[in-house]
Amino acid sequence: MYVPTLRNSLLGVLALSLVSALPVNDTDPATNSKGPRVLILGGGVAGIIAARTLYGQGIHNFAIVEARGELGGRLMTYAFGAPGREVSLEVGANWVQGTQTGDGPENPIWKLAKKHGLKTQYNDWDESISTYDSTGPVDYLDVFKASVDHYTALTVAAGGRVTQNLVDTTARTGYSLVGAKERTPHALASEYYQFDWEYAQTPEESSWIASSWGNNFTYDVDVGGFSDDNYMSLDQRGFKYFIQAEAAEFLQPDQVRLNATVKSIAYSSTDVKVTLASGETLVADYALCTFSLGVLQNDDVVFEPALPDWKQEAIQSMTMATYTKIFLQFPKKFWFDTEMGLYADKQRGRYAVWQSLDHENFFPGSGIIFVTVTGDFSQRIEALPDSQVQDEVLGVLRSMYPHITVPDPIAFHFTRWGADPLFRGSYSNWPASLFSEHHENLRATVEQRLWFAGEATSQKYFGFLHGAYFEGLDVGHALAECIRNDGCVGLEHVKEVVNARPYKL
Ligand SMILES: Cc1cc2nc3c(=O)[nH]c(=O)nc-3n(C[C@H](O)[C@H](O)[C@H](O)COP(=O)(O)OP(=O)(O)OC[C@H]3O[C@@H](n4cnc5c(N)ncnc54)[C@H](O)[C@@H]3O)c2cc1C
């Protein structure tokens, strides 16, 4: 259960009290700070770290504009469970992926989690797992272990392609080239666990090189990754606590506008005007847009004038994937004692990845288990009523446990990330058709006034919390430099992305 602390109460007060109007002139009397004004659009990890970076550079004339009633973005906590048995669970990001090895590079999310005393727990994804198919429990751990090796071969071979300057292809092509041609439901479920469960899309839909880069720079110590550990937040203040506490160390009340939904962004070479759903207009010298790729793709925010062609092509060329955790609570546990469970349906990826939270390492006695779906499965279930999804999930559980009378759950929940106009999906994925130049254009500044940052703009760590962190940091530094120099070109773009070897006419 959520236990209020002094700092939490302060953050709550901060969250509720920061709705006062922002001054729109370039001298903010409340903070007594002068100089160009910056609006940071979106209060997730990227926005908060960009704000902290500006603050650290002595630039205080900024404000975060956030549609929700709190900071944190896709770090989102939900009180799940029947009355009296609620547990605060993470419907969004849940794991610090890659921590630190020795005194090597440290995942900055891990650093902040430790700094703010977050309760986390090592989650054993590969060794603590039970396997099932539609006939019930079946031991195919040998197949599962082979899929771990195939995934390693896939990522190592992709690294080799980079050094040889070879062209990108889909991860499916990559799997085939390393000799991993899975055919059976057991092998396909194991492959899904290694691949789709991370990228939220299939190997066919994903870049071989970019997906491997994300993995290697996060997990592979030999190429500068953090570690291959995953730590799950169990903190009842929410995983978001680490970033809210970090924000509370420097943000002044008048540097945050909560419950403020941006409807349009008018930009020119001299300023930016942001209009809110309330009709109010905020004026600034610079704006940093940290909205998700999905928000940008779906025109939830209107740009005036329309974003240039090179920017629109970049936005529409990356993919916003969806990843959905479906939580169930039962009167008592009847399932596996391992941390993870893998179910091989005849249809690849159908309700495949299970995790027991009623486990001594997580929330013993909670009666909670969850299953994750991704990609097309997520989109499909978002369109269905909860009752139908619940029936399907129970059908799978009943085939995993044919000799047990599986009761109806006492609580059931999943979040529709794809339908949410503040996110339009869970996190970005890099398709094989996306050129590096497209990605540069995703980050690039428009009219020297409109800047972009977020997990999707990270070349090395797109999709991850640490990707959002590093982008907030990098773009925050570049913007601070620009302000200090009284203007700049910003992050440059490529006007037209062209084929290295054009088609012959
Ligand atoms: C289900 C799920 C599971 C995940 N699991 C993990 C994980 O375990 N580990 C990991 O490293 N990463 C995980 N991620 C990814 C991680 O959450 C993101 O990479 C990261 O939180 C993105 O931060 P951001 O600042 O780029 O964007 P966001 O967090 O999306 O911040 C943007 C902010 O903009 C706001 N906004 C949007 N539209 C408007 C508007 N019109 N007006 C005003 N404000 C607006 C949003 O409310 C949001 O707060 C997961 C994500 C999801 C959804």
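Quick notes on this structure:
- Only one of Q379, Q355, Q297 that is in contact with a strand residue (DSSP E or B) (Cβ under 8 Å, 6 or more places away or on another chain) and assigned by TED's automatic domain parsing to the domain that holds T131: Q355
- Considered as a group, the residues in region 363-384 that are β-branched (V, I, T) and closer than 20 Å to Y427 by Cβ include one that is surrounded by the most Cβ atoms within 10 Å (Cβ to Cβ), and that residue is V373.
- V475 being in a loop (DSSP other than H, G, I, E, B) and hydrophobic (A, V, I, L, M, F, W, C): no
- Residue count for region 217-246, restricted to those that are within 12 Å of the ligand (Cβ to nearest atom) and of a type in the set (G, A, S): 1
- Evaluating A453 against the criteria (1) within 12 Å of the ligand (Cβ to nearest atom); (2) touching a helix residue (DSSP H, G or I) at 6+ places or on another chain (Cβ under 6 Å); (3) not assigned by TED's automatic domain parsing to the domain that holds S269 leaves one unmet condition, (3).
- Among the strands (runs of 3 or more DSSP E) confined to region 39-126, the ones with at least 1 residues that are hydrophobic (A, V, I, L, M, F, W, C) and touching a Phe, Trp or Tyr at 6+ places or on another chain (Cβ under 6 Å) are located at 77-80, 87-90, 95-97.
- Enumerated helices (runs of 4 or more DSSP H) restricted to region 269-383, each holding at least 1 residues that are within 12 Å of the ligand (Cβ to nearest atom), within 30 Å of F62 (Cβ to Cβ) and not charged (D, E, K, R): 293-297
- Qualifying residue in region 137-156 (condition: more than 16 Å from the ligand (Cβ to nearest atom), in contact with a Phe, Trp or Tyr (Cβ under 7 Å, 6 or more places away or on another chain), hydrophobic (A, V, I, L, M, F, W, C) and assigned to a loop (DSSP other than H, G, I, E, B)): yes
- Complete set of residues in region 267-282 that are among the aliphatic types (A, V, I, L, M) and buried (at least 17 other Cβ atoms within 10 Å of the Cβ): V272, V274, L276, L282
- Options R37, R74; residue that is within 13 Å of the ligand (Cβ to nearest atom), among the basic types (K, R) and either modelled with pLDDT of 95 or more or outside the structural domain of K273 (by TED's automatic domain parsing) (or both): R74
- Each residue in region 208-239 was checked for being more than 23 Å from G104 (Cβ to Cβ), outside any loop (DSSP other than H, G, I, E, B) and in contact with a strand residue (DSSP E or B) (Cβ under 7 Å, 6 or more places away or on another chain), and 1 of them qualify.
- Residue pairs whose Cβ atoms lie under 9 Å apart, sitting 6 or more positions apart in sequence or on different chains, and linking a residue in region 391-407 that is assigned by TED's automatic domain parsing to the domain that holds W354 and within 18 Å of P331 (Cβ to Cβ) to a partner that is outside any loop (DSSP other than H, G, I, E, B) and of a type in the set (K, R), are I404/R398; T405/R398; V406/R398.
Residue-by-condition table, conditions (1) in contact with a Pro (Cβ under 9 Å, 6 or more places away or on another chain); (2) not hydroxyl-bearing (S, T, Y):
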position	(1), (2)
T445	no, no
F452	no, yes
E455	no, yes
Y461	no, no
F470	yes, yes
L473	yes, yes
A478	no, yes
I483	yes, yes
A500	no, yes
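The values are calculated or read from the model by the stated rules, or taken from the named source; none is laboratory data. Predicted, not measured: the structure shown is a model, and the values here were computed from it. As a convention, Cβ positions derive from the backbone with ideal geometry for all residues, glycine included, and neighbour counts pool all protein chains shown.
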